[in-house]
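Enquirer: Take this structure first; my questions come after.
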Amino acid sequence: MTTDSLQSLESKEQPLSETANSEMGPREVWNRKNPPTEAVLIKNLKTTELTAREYRNTKARFYRLGNDIRLQPHVSELPPLGESVNHRHTTEAVIYIVSGSGHTIVSWDGTNPERIEWEEGDLFSFPVWMWHQHFNDSETETCRYLAVQDTFAIKALGLHQIERFPEGSTSD
């Protein structure tokens, strides 16, 4: 087939690797019901409407901005004294705190946890495939964070995976 006759290529679902505690199934079901909002500009991340994401104990909205093919941002919200599930993923993530205050516990193996304190306006990150769990420290206010990840690129490579920390374990 020459370049002149190539109109398009068939798109197929990428096979996803599996682990014992994979979160990929619930995530893909949620993503099909709540596809990314496609836009060039999102106004006011503090008030944009979010949807319950029960499998993660958060509310969220995912975006595809400017037809991006590598980066996928999402806004997540934790209720007062809420906590996300402890998890890790094969995507890089940079997290900006839109509102509220709390902390994130990170560790490589579930032992020797480190605590990252954060508040509105802070920006942080941690290495790929590191366990992490986010906590809202307020008894009355929600907190929101913007995570920008290289999800689209990692999915295209067939390397996207999210794993939950083994049940009954906690690092906080």
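The values are calculated or read from the model by the stated rules, or taken from the named source; none is laboratory data. Keep in mind it's a predicted model, so treat the numbers as computed, not measured. Cβ placement follows ideal geometry from the backbone for every residue including glycine, while neighbour counts extend to all protein chains displayed.
Enquirer: How many of the residues in the range 41-75 are β-branched (Val, Ile, Thr) and in contact with a Lys or Arg (Cβ under 9 Å, 6 or more places away or on another chain)?
Expert: Qualifying residue count for the region: 4.
Enquirer: Separate question: Mind telling me which of the residues Thr151, Thr142 ends up being surrounded by 13 or more Cβ atoms within 10 Å (Cβ to Cβ), in contact (Cβ under 8 Å) with a residue 24 or more places away in the chain and under 22 Å from Lys46 (Cα atoms)?
Expert: Going through Thr151, Thr142 in turn, the sole match is Thr142.
Enquirer: While we're looking at this one, here's another question. Are there any pairs, at least 6 apart or on different chains, whose C-beta atoms fall under 7 Å, with the first in the range 111-131 and loosely packed, with under 13 Cβ neighbours inside 10 Å and the second outside any loop (DSSP other than H, G, I, E, B) and aromatic (Phe, Trp, Tyr), and if so, which?
Expert: Every condition considered, the pairs that remain are Leu123/Tyr96.
Enquirer: Return the total of residues in the range 41-62 being part of a loop (DSSP other than H, G, I, E, B) and aromatic (Phe, Trp, Tyr).
Expert: Here the count works out to 0.
Enquirer: Follow-up question, since we're still on this one. Please go through the range 97-119 and pick out each residue that is in contact with a strand residue (DSSP E or B) (Cβ under 9 Å, 6 or more places away or on another chain) and polar (S, T, N, Q).
Expert: Ser99, Ser101, Thr104, Ser107
Enquirer: Kindly indicate which of Asp109, Asp122, Asp137 is in contact with a Ser or Thr (Cβ under 8 Å, 6 or more places away or on another chain), at negative phi and not β-branched (Val, Ile, Thr).
Expert: Asp137
Enquirer: Applying the selection to the range 116-151, what residues are among the polar types (S, T, N, Q), within 17 Å of the chain's Cα centre (by Cα) and over 27 Å from Arg70 (Cβ atoms)?
Expert: The answer is Asn136, and nothing else.
Enquirer: Being modelled with pLDDT of 90 or more and touching a Phe, Trp or Tyr at 6+ places or on another chain (Cβ under 9 Å) narrows it down to one of Leu146, Leu157, so name that one.
Expert: Criteria check complete, one pass: Leu146.
Enquirer: Continuing with this model, one more query. Could you run through the range 93-122 and say how many residues are assigned to a loop (DSSP other than H, G, I, E, B) and either at pLDDT 95 or above or hydrophobic (A, V, I, L, M, F, W, C) (or both)?
Expert: Looking only at that region, the number is 5.
Enquirer: Any residue at all in the range 72-89 that is among the charged types (D, E, K, R), surrounded by 14 or more Cβ atoms within 10 Å (Cβ to Cβ) and part of a loop (DSSP other than H, G, I, E, B)?
Expert: No, the conditions are met nowhere in the range 72-89.
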